[in-house]
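A quick write-up on the structure given underneath.
The values are calculated or read from the model by the stated rules, or taken from the named source; none is laboratory data. Just so it is clear, the structure is predicted and the values come from calculations on it, not from any experiment. In this analysis, Cβ positions are derived from the backbone assuming ideal geometry, glycine residues included, and neighbour counts consider all displayed protein chains.
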Amino acid sequence: MTTQSKAKDYSIYFQPPSLSDAKKRGKEDITVHYDFSIPEELRELGRDKYYLIQTYGCQMNEHDTETIKGLLEGLGYRATEDRRQADIILLNTCAVRENAEDKVFGELGHLKHLKTEKPSLLLGVCGCMSQEEATVNRILKKHPFVDLIFGTHNIHRLPFLVKEAMFSKEMVIEVWSKEGDIIENLPKKREGLKAWVNIMYGCDKFCTYCIVPYTRGKERSRRPEDVIAEVRELARQGYKEVMLLGQNVNAYGKDFEDLEYRFGDLMDDIRKIDIPRVRFTTSHPRDFDDHLIEVLAQKGNLMEHIHLPVQSGSNEVLKRMSRKYTREQYLELVAKIKAAIPDVVLTSDFIVGFPGETEEQFEETVALVREVGYDFAFTFIYSPREGTPAAGMEDTVPQDVKSRRLRRLNDVLSENMKRSNEKLLGQTVEVFVEGVSKNNDRVLAGRTRTNKLVHFEGPEELVGRLVQVHITDAPTFYIKGDWVQQAVVQ
Ligand code: SF4
């Protein structure tokens, strides 16, 4: 349909995300499509043209960007880092935190000048922000020079949308709330040494502060044979590490109606593939079952690092967040994991200053951090997301109190990290070499199996390989060591 606004005409297929509709989700209409291809007549659309994509937010978004790049290259576009050379610039956005949104709007302000200088430049906004009706309205009103907006459920439509945006004078907006489908066979342009593999999409947990269930849709798992085939292919291509991705990977398989196959089964099958390292993110504690723990305890290519977001150590706050577990249940899970994998490293996510969080409740979080002994955590001050239940809760915690709590939590986490790093002194550990240090080109940077950052001196040829490093020093945020030259593992 074509609609008119004061700002600009626009073509639109937009159904705004709705909390009540989302909660009524059924399981019935998940369809897997295997028939994707770019039509012949669109394959020259980007010939002699360049694309640039700016990605915000999580690894899921980074991975979507790989698909978007694959699609654009399928249209003939080539990559550039130079904005002035680009013929299409896409902002792949994140809606999880307010400051990520502010950055995107700031960026649009800068891009306006570029568009004035080069009117043929196509500017697009995609990702989670474009699934929010308020964002789309704000772009229509304040940034009418944007050419294209598309959502997270219709990335596969990009070839058609680019064509439409190229030849239309209107803003092209296509955002679907339809969320039941999985599109296989999309092209991907993978860069870097590690490969991301989606195992599922969406989330049905509805934590009260989180926008993801609305922007990414309902939980739907890729078929095991498709995931396994992709990991096998990556192993064949020589990748040393894969990261399995999902908003809540532990819910993998719950939506299968025709087979009893869960995340533990998938990990057990992937364990047998000849690829040196497999990681996964993100876990919701509630769905982390005993079978998965049993499988992870067999190690091999499954790393002894588990990211297990807890968000708060207070039962009252957990309830208001609707996390669906208690502090005691979480600690019981941690105890089981530690009993099965004694050298496991646990990391987490925390929200500080959730509406109504008292000093005592915050102290319960600090005590939990000490008790579990996390090595690292992503810590954030709560920021309301429009459309989520928590945004309507009374927020009585002053900003300076939130900031103070955040600093205190980070101090305790740093103490944990230092203590845990010191335990490695004198040990020789396997390190996957990821690159050369930014500050010193004789120093290489890599990760242990437990995901700790290691710096050591060595030749650049080691990048992309697994080596042994003898740990000699343990500052807080990384560890240092000497390369054990005789022992390149792979
Ligand atoms: S489990 Fe994670 S992605 Fe899902 S609603 Fe909760 S915080 Fe958001």
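Below, the figures for the structure above:
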item: Close pairs (6 angstrom Cβ cut-off, 6 or more residues apart or separate chains): more than 9 Å from the ligand (Cβ to nearest atom) in region 198-213, part of a strand (DSSP E or B) and among the aliphatic types (A, V, I, L, M) anywhere; result: N198/L245; I199/L244
item: Matching residues, region 291-349, being more than 22 Å from the chain's Cα centre (by Cα) and among the hydroxyl-bearing types (S, T, Y); result: S314, Y325, T326, Y330
item: Search result, residues across region 235-251 that are of a type in the set (A, V, I, L, M, F, W, C) and within 16 Å of the ligand (Cβ to nearest atom); result: L244, L245, V249, A251
item: Residue in region 214-234 that is surrounded by the fewest Cβ atoms within 10 Å (Cβ to Cβ), counting only those that are within 16 Å of the ligand (Cβ to nearest atom) and either under 26 Å from D258 (Cα atoms) or within 15 Å of the chain's Cα centre (by Cα) (or both); result: K218
item: Any chance K103 is assigned by TED's automatic domain parsing to the domain that holds I38, more than 20 Å from D64 (Cα to Cα) and of a type outside the set (A, V, I, L, M, F, W, C); result: no
item: Considering residues of region 137-155 that are over 10 Å from E174 (Cβ atoms) and within 24 Å of the chain's Cα centre (by Cα) only, the residue surrounded by the most Cβ atoms within 10 Å (Cβ to Cβ); result: T152
item: Close pairs from region 245-260: first touching a residue at least 24 places away in the same chain (Cβ under 8 Å), partner of a type in the set (K, R) and not in a loop (DSSP other than H, G, I, E, B), Cβ under 8 Å, at least 6 apart; result: N250/R286; D255/R220
item: Strands (runs of 3 or more DSSP E) fully within region 405-490 counting 2 or more residues that are over 24 Å from the mean Cα position of the chain (by Cα) and within 21 Å of H307 (Cα to Cα); result: 428-436
item: Residue match in region 315-324 (condition: at pLDDT 95 or above, buried (at least 18 other Cβ atoms within 10 Å of the Cβ) and among the small types (G, A, S)); result: no
item: Complete set of residues in region 309-318 that are within 16 Å of the ligand (Cβ to nearest atom) and either in a loop (DSSP other than H, G, I, E, B) or hydroxyl-bearing (S, T, Y) (or both); result: P309, V310, S312
item: Top-ranked residue in region 442-456 [being of a type in the set (D, E, K, R) and within 15 Å of T428 (Cα to Cα); ranked as surrounded by the most Cβ atoms within 10 Å (Cβ to Cβ)]; result: K452
item: Evaluation of R271 against (1) free of Cβ contacts under 8 Å to residues at least 60 places away in the same chain; (2) out of contact with any strand residue (DSSP E or B) (no Cβ under 7 Å at 6 or more places or on another chain) (one fails), failing number; result: (2)
item: Residue within region 334-342 that is away from the ligand (no atom under 16 Å from the Cβ), in contact with a Ser or Thr (Cβ under 9 Å, 6 or more places away or on another chain) and not in a loop (DSSP other than H, G, I, E, B) present; result: no
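Per-residue answers, yes or no, for (1) at pLDDT below 95; (2) exposed (fewer than 15 other Cβ atoms within 10 Å of the Cβ); (3) not hydroxyl-bearing (S, T, Y):
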residue	(1), (2), (3)
Y51	no, no, no
M60	yes, no, yes
D102	yes, yes, yes
L121	no, no, yes
